[in-house]
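Accompanying notes for the structure given below.
Readers should treat all values here as calculations from the given coordinates under stated rules, not as data from a laboratory. Everything quoted here is computed from the prediction, not taken from an experiment. Cβ atoms come from the backbone with ideal geometry, glycine included; neighbour counts cover every protein chain shown.
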Amino acid sequence: MATQIKFGTSGWRAIVAEEFTFANVRRAVTGIARYVAKQNPKATLIVGRDPRFLGEAFVQTAADILSAHGVTPLVISDAAPTPAISWEVMRRKTGGAINFTASHNPPEYNGIKFSTPDGAPALPDVTKQIEAEIAGLGEEVESVKPGPQHPKAENIDIKDHYLARLREVIDLAAIKKSGLKVVYDPLWGAARGYPDFLLREAGIGIATVHDVRDVLFGGHAPEPDDHLLNEMRAKMKETGAGIGIATDGDADRFGIVDADGTFIQPNYIIALLFDYLVETRGWKNGVAKSVATTNLVNALADHHKVELHETPVGFKYIGELIKQDKIAIGGEESAGLSIRHHVPEKDGVLACLLCCEMVARRGKPIGIQLQELFGKVGSFYPERQNFHLTPEVKEKFTTKMKSDPKDFHGKKVSEINRKDGLKLVLDDGSWVCYRVSGTEPVVRAYTEARSQDGLKKLSASAKQFVFE
């Protein structure tokens with residue numbers, strides 16, 4: 001029986017040689033090719049990849065299929081960041097892009113991200129049409145080789161154009177003037193030679209770790225998370241760096257480490273950069289965040305008198321607001337962020353460079369800036385927990401998600417939000433949000449309280465609510 005290929009919030013991902021096989025890649029790309037050819041019979045489509053195992057071979061397979069369907073493939077020779085691919089789609093006005101990446105997933109995974117002509121991740125109405133095309137193909141799609149009558153694949157280089165865009169956005173002169181030293185960890189991923197090249201070119205002190213291709217990403221997920229950044233911390237100590245920046249496998253996510261080695265969670269980075277962009281750019285057209293992202297953003301929106309947009313989880317919803325120029329910045333607690341007049345896609349490279357600029361221009365470590373922000377609008381302490389469920393508990397909890405609780409472990413529920421999962425806002429300003437995974441027996445519980453002690457109690461209550 002053929003694998004059912006489903007595109008989730010960031011495309012289709014699966015384990016290589018289990019479901020992510022050449023046969024299934026042919027099916028997926030054929031479905032995309034048919035969809036694209038129906039939109040525009042003379043379309044061009046960018047084909048890119050991250051540095052994962054067999055990436056070059058998957059790109060070649062996709063290029064052949066696209067060409068055989070009359071779609072001109074524009075092939076990126078080297079591994080490239082997702083946001084750079086998104087920028088090139090917009091710059092060239094192509095029919096979109098196919099990107100072979102599993103982002104921050106472990107090395108045994110690969111995936112396909114499909115971007116539409118606006119450079120944004122495909123929305124559900126598009127992916128449903130692609131899934132229908134795939135479902136109509138049957139179990140086997142034969143290998144194809146384009147003939148002389150088909151459009152030939154073109155090789156393209158996208159790095160220079162994307163870096164030129166970042167030079168327009170980032171105040172590199174201010175970073176240089178401050179004397180800030182930076183350490184960058186690309187985690188063996190697609191952004192090797194991107195932010196470090198830009199900083200080095202501008203005369204800024206930059207050192208790197210994990211700056212080679214490794215298809216196994218050091219034997220773990222290429223995720224810029226606290227516990228995986230110790231070698232970057234060591235290099236920061238060695239070089240006297242004032243900030244450490246990291247990106248994930250395809251560079252759509254970021255990780256930031258402060259001068260003292262403290263990991264600054266993405267929730268806080270989004271809020272700090274929002275405040276910084278209002279201060280330095282004067283952008284007050286709006287701000288967006290997912291329902292699971294810190295309410296520190298809400299408090300800042302009130303403080304700056306800026307319209308707040310709260311979206312379901314999935315950056316494509318924030319991308320839509322960027323396209324409409326309704327927001328100055330949008331972000332998700334899972335380390336996704338972009339800004340106005342830029343790509344409607346998560347950009348980890350941009351986020352890292354903006355943090356460097358913010359530290360340089362304000363002349364203060366990020367931790368001190370955060371405390372000053374708390375002094376301005378109050379303190380917020382967010383956390384995310386994953387709970388694995390037995391089938392019985394999952395069934396019981398799914399029913400509970402449909403309920404309308406009046407109180408939550410002794411606190412009155414002041415608002416119930418069902419934009420994505422179940423979010424309960426409590427009368428003291430704290431909240432809990434539950435989202436059940438569609439792909440594994442897991443519920444994600446997001447909590448936020450106004451004090452660290454309050455967070456400890458709320459997190460315990462959040463777990464109890466799942467299993468009681």
DSSP bridge orientation in the chain - percent antiparallel, rounded to nearest 5: 60 percent
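Assuming R0 = 45 Å, can you tell me the calculated FRET efficiency for the pair SER143 and LYS376, based on Cβ-Cβ distance, to the nearest 0.05? Display every interim value, and only then the final one.
Numbers: r = 60 Å, r/R0 = 1.34.
After rounding to 0.05, the efficiency reads 0.15.
Restricting things to alpha carbons, find the Rg to Rh ratio for region 161-377 using the Kirkwood radius for Rh.
Values: Rg = 16.1 Å, Rh = 17.1 Å.
My calculation puts Rg/Rh at 0.94.
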Strictly over 21 Å apart at the Cα level, which of LYS364/LYS457; LYS284/LYS326; LYS159/LYS284 would you flag in this model? LYS364/LYS457; LYS159/LYS284
In debye, nearest 20, what is the charge dipole magnitude of the chain about its Cα centre with +1 on Lys and Arg Cβ and -1 on Asp and Glu Cβ, if you could check? 840 debye
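Looking at the calculated P(r) for region 6-68, what percent of the C-alpha pair distances fall above 17 Å? Numbers along the way, then the final one.
Working: 816 of 1953 pairs.
Tail of P(r) above 17 Å: 42 percent of Cα pairs.
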Ordering of 336-348, 166-178 by burial proxy (mean other Cβ atoms within 10 Å per residue, highest first): 336-348, 166-178
Inter-centroid distance (Cα atoms) of region 281-317 relative to region 122-192, Å: 26 Å
Sort region 12-157 into rounded, prolate or oblate with this rule: let a ≥ b ≥ c be the square roots of the eigenvalues of the Cα gyration tensor; rounded if a/c is under 1.5, and if a/c is not under 1.5, prolate when a/b is larger than b/c, oblate otherwise. rounded
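Would you mind telling me the antiparallel percentage of the DSSP bridges in region 161-377, rounded to 5?
Working: 11 of 26 bridges.
DSSP beta bridges in region 161-377 are roughly 40 percent antiparallel.
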Let me know the charge dipole size of region 126-282 about its Cα centre in debye, to the nearest 20, where only the beta-carbon of Lys, Arg (+1) and Asp, Glu (-1) is charged. 720 debye
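Treating only the Cβ of Lys, Arg, Asp and Glu as charged (+1, +1, -1, -1), what charge dipole size does region 12-157 show about its Cα centre? Round to the nearest 20 debye. Walk me through the numbers on the way to the answer.
On the way: 15 positive and 17 negative charges, 99 e Å.
I would put it at about 480 debye.
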Of [x] 22.9, 83; [y] 22.3, 72; [z] 22.2, 78, the label for Rg and Dmax of the Cα atoms in Å derived from the coordinates: [y]
Over 28 Å between C-alpha atoms is what I'm after, so list which of LYS113/LYS402; LYS346/LYS423; LYS177/LYS323 land there. LYS113/LYS402; LYS177/LYS323
Pulled fully out, how much extra length does the chain show between PHE53 and LEU308, if you take 0.36 nm times their separation in residues and subtract their Cα-Cα distance? 87.7 nm
Have a look at the DSSP beta bridges in region 1-131 and tell me what percent are antiparallel, nearest 5. 55 percent
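Which order do the peptides 10-22, 41-53 take when ranked by the mean count of other beta-carbon atoms within 10 Å per residue, highest first? It would help to have the intermediate numbers written out before the result.
On the way: 10-22: 18.2, 41-53: 22.9.
Going by the mean number of other Cβ atoms within 10 Å, highest first, we get 41-53, 10-22.
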